[in-house]
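The values are calculated or read from the model by the stated rules, or taken from the named source; none is laboratory data. Keep in mind the model is a prediction, meaning the values are calculated, not measured. For neighbour counting, all protein chains shown are included, and Cβ atoms are generated from backbone atoms with ideal geometry for every residue, glycine included. What goes into the accessible areas is simple: the full protein's heavy atoms, side chains included, and nothing from ligands, DNA or RNA. Shrake-Rupley method; radii C 1.70, N 1.55, O 1.52, S 1.80 Å.
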Amino acid sequence: MTTPRPERKITAIRIEVGRSRAGGRMAPHGPGRGVARDVSYGFAVATASVATIVMLPTEPVGSIPRPAELIAGVQDFRAGRISQLELSALYDAAVQDTIQRLEATGSPVITDGEQAKHSFATYSIYGLDNLSPDGVPIPFADGHIRHFPRLTSGPFRYKTPADVYLEAAQRYAHVPVKQAVVSASALSLLYPQGGIRGYSREEYLDALIAEQEGEIRRCLEMGAHVVQMDFTEGRLSIKLDPSRRLLQSFIDLNNLVLERFSAEERKRIGVHTCPGADRHSTHSADVDYAELLPSLFALQATNFCVQLASEPDRKRVLRMIREHVRDGQRIFVGVIDPLDPRVETPEEVRDRVLEASDYIAPDRLGTTDDCGFAPFSDDTSRTRETAFAKIRARVAGTALASRLLGLE
Ligand SMILES: [Zn+2]
């Protein structure tokens with residue numbers, strides 16, 4: 001891969017954030033308003049002296065396990081024991097606490113921990129009345145199955161797009177907020193194989209693409225540090241269709257969304273790939289990365305958050321990334337395995353970053369976690385404490401590596 005000019009000098013660009021959509025649905029903005037957003041690829045921390053420490057960019061994928069009182073509150077709401085207002089207060093408290101604790105890890109970019117999302121895949125459609133729960137099954141290696149919903153009638157509209165979650169997060173955040181969105185390819189699975197009378201697949205996909213363009217555009221306009229398209233079904237698709245035609249159709253569909261953005265806008269659009277992470281298990285870790293990676297980088301996005309820590313042969317994957325990554329794309333390598341209950345040490349993370357830097361130039365490199373820590377809201381297989389400890393290790397280890405790479 002060609003290496004663009006190293007970006008050692010960081011220019012912070014001030015962006016007005018916390019701007020409401022017309023008829024904004026949230027309360028007036030708190031401390032997040034007017035925060036200086038560094039939208040360059042590197043991250044700089046200016047101290048009182050002249051010294052500026054430049055660190056490799058590091059950011060989470062998205063989700064954090066929900067607090068026990070929130071999980072109980074959701075069950076209470078479904079059983080009619082608490083009101084919508086009481087549930088909203090629980091969501092709000094979880095978002096505030098999660099952001100506070102993520103900021104305390106030192107992570108220069110945070111998320112809302114997806115506290116109010118039903119799942120990474122269904123947040124925008126949860127509660128729609130034209131869905132049935134018996135859609136495409138997603139089998140995990142340990143035998144448990146998650147089901148996508150199935151669309152039963154048109155027209156299709158999002159109920160709660162990602163910018164609603166971002167707006168809530170920005171009320172509490174003091175550092176840049178990243179926003180994850182589900183890919184159009186994942187939601188394409190809602191449309192049933194047998195079709196819907198009076199609502200064609202083409203009509204559905206047109207509506208889906210428009211909805212996703214809208215939510216991404218609004219997140220960018222609101223000052224999201226980056227908008228990340230979750231593409232976990234990329235690797236899974238090869239299991240469902242070894243001919244890779246399904247994968248190609250997913251790439252084509254997502255590019256129809258990405259092509260609606262300018263090259264400048266796409267600098268703040270990313271993609272996350274992983275083999276799934278739910279209840280200690282994965283859905284497609286047995287699919288060889290070599291089947292996915294050449295196609296993955298055809299997605300017209302800039303930042304790629306790539307699961308790597310849990311790969312049995314990381315060097316082989318890094319070689320493939322080096323071979324297939326395209327000019328201008330940045331790789332955020334996974335240096336933390338959320339499925340591993342053991343908390344990585346900063347030194348382990350440092351060594352994983354240095355290993356990656358043998359294959360990817362530092363100005364094209366960043367770090368992340370292999371996946372979210374609880375992509376499905378009811379997943380309690382990991383604790384919040386473990387998630388925050390692992391994120392602290394990611395940040396500390398990335399800083400150690402940055403110094404050794406001469407980025408200070
Ligand atoms: Zn993931």
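Being within 16 Å of the ligand (Cβ to nearest atom) and not in a loop (DSSP other than H, G, I, E, B) is the filter here, so list the residues in segment 330-365 that pass it. Reasoning before the result, please.
Step one: filter segment 330-365 for residues within 16 Å of the ligand (Cβ to nearest atom), giving 331-340.
Hits for segment 330-365 are Ile331, Phe332, Val333, Gly334, Val335, Ile336.
Could you list, in sequence order, all residues of segment 265-291 that are among the aliphatic types (A, V, I, L, M), open to solvent by less than 10 Å² (accessible area, probe 1.4 Å) and either in contact with a Gly (Cβ under 6 Å, 6 or more places away or on another chain) or away from the ligand (no atom under 16 Å from the Cβ) (or both)? Show your work before the answer.
Filtering segment 265-291 for residues among the aliphatic types (A, V, I, L, M) gives 269, 271, 277, 285, 287, 290.
Filter once more, so that each one left must be open to solvent by less than 10 Å² (accessible area, probe 1.4 Å): 269, 271, 277.
Passing the criteria: only Ile269.
Determine, yes or no, whether Gln193 is polar (S, T, N, Q), open to solvent by 50 Å² or more (accessible area, probe 1.4 Å) and assigned to a loop (DSSP other than H, G, I, E, B).
Working: polar (S, T, N, Q): yes; open to solvent by 50 Å² or more (accessible area, probe 1.4 Å): yes; assigned to a loop (DSSP other than H, G, I, E, B): yes.
Spelling it out, Gln193 is indeed polar (S, T, N, Q), open to solvent by 50 Å² or more (accessible area, probe 1.4 Å) and assigned to a loop (DSSP other than H, G, I, E, B).
Kindly list, by first and then second residue, each pair from a residue in segment 265-286 that is over 11 Å from Val226 (Cβ atoms) to a residue that is open to solvent by 10 Å² or more (accessible area, probe 1.4 Å) and in a strand (DSSP E or B), limited to pairs with Cβ atoms under 6 Å and residues at least 6 apart or on different chains.
Between residues of segment 265-286 that are over 11 Å from Val226 (Cβ atoms) and residues that are open to solvent by 10 Å² or more (accessible area, probe 1.4 Å) and in a strand (DSSP E or B), the close pairs are Asp278/Phe376; His283/Ile138.
When you check Leu365 against the structure, is it at pLDDT 95 or above, out of contact with any Lys or Arg (no Cβ under 6 Å at 6 or more places or on another chain) and either within 28 Å of Tyr126 (Cβ to Cβ) or open to solvent by less than 50 Å² (accessible area, probe 1.4 Å) (or both), yes or no? Even if it seems obvious, please write down each step before you answer.
Details: at pLDDT 95 or above: yes; out of contact with any Lys or Arg (no Cβ under 6 Å at 6 or more places or on another chain): yes; either within 28 Å of Tyr126 (Cβ to Cβ) or open to solvent by less than 50 Å² (accessible area, probe 1.4 Å) (or both): yes.
Yes.
Which one of Gln248, Gln300 is assigned to a loop (DSSP other than H, G, I, E, B) and modelled with pLDDT of 95 or more? Explain how you work it out, then say what you get.
Numbers: Gln248 fails: assigned to a loop (DSSP other than H, G, I, E, B).
Checking each option against the conditions leaves just Gln300.
Within the group Phe297, Phe250, Phe261, which residue is in contact with a helix residue (DSSP H, G or I) (Cβ under 6 Å, 6 or more places away or on another chain), surrounded by fewer than 23 Cβ atoms within 10 Å (Cβ to Cβ) and of a type in the set (Phe, Trp, Tyr)? Lay out the reasoning, then the answer.
Numbers: Phe250 fails: surrounded by fewer than 23 Cβ atoms within 10 Å (Cβ to Cβ); Phe261 fails: in contact with a helix residue (DSSP H, G or I) (Cβ under 6 Å, 6 or more places away or on another chain).
Going through Phe297, Phe250, Phe261 in turn, the sole match is Phe297.
Just to be sure I understand the filter: pairs with C-beta atoms under 7 Å, separated by 6 or more residues or on different chains, first member in segment 388-408 and open to solvent by 10 Å² or more (accessible area, probe 1.4 Å), second member of a type in the set (Val, Ile, Thr) and at pLDDT 95 or above. Which pairs pass?
Close Cβ pairs (under 7 Å, with a partner that is of a type in the set (Val, Ile, Thr) and at pLDDT 95 or above) amount to Ala389/Val343; Arg392/Thr105; Val395/Thr58; Val395/Thr105.
Return yes or no: is Val317 open to solvent by less than 20 Å² (accessible area, probe 1.4 Å), over 19 Å from Ala285 (Cα atoms) and either in a helix (DSSP H, G or I) or in contact with a Cys (Cβ under 7 Å, 6 or more places away or on another chain) (or both)? Steps first, answer last, please.
Values: open to solvent by less than 20 Å² (accessible area, probe 1.4 Å): yes; over 19 Å from Ala285 (Cα atoms): no; either in a helix (DSSP H, G or I) or in contact with a Cys (Cβ under 7 Å, 6 or more places away or on another chain) (or both): yes.
So Val317 does not fit the description; no.
Looking at Gly73, Gly80, which is the one that is surrounded by 17 or more Cβ atoms within 10 Å (Cβ to Cβ), over 14 Å from Tyr172 (Cβ atoms), over 23 Å from the mean Cα position of the chain (by Cα) and modelled with pLDDT of 50 or more? Write out each step before concluding.
Working: Gly80 fails: surrounded by 17 or more Cβ atoms within 10 Å (Cβ to Cβ).
One residue alone meets the criteria, Gly73.
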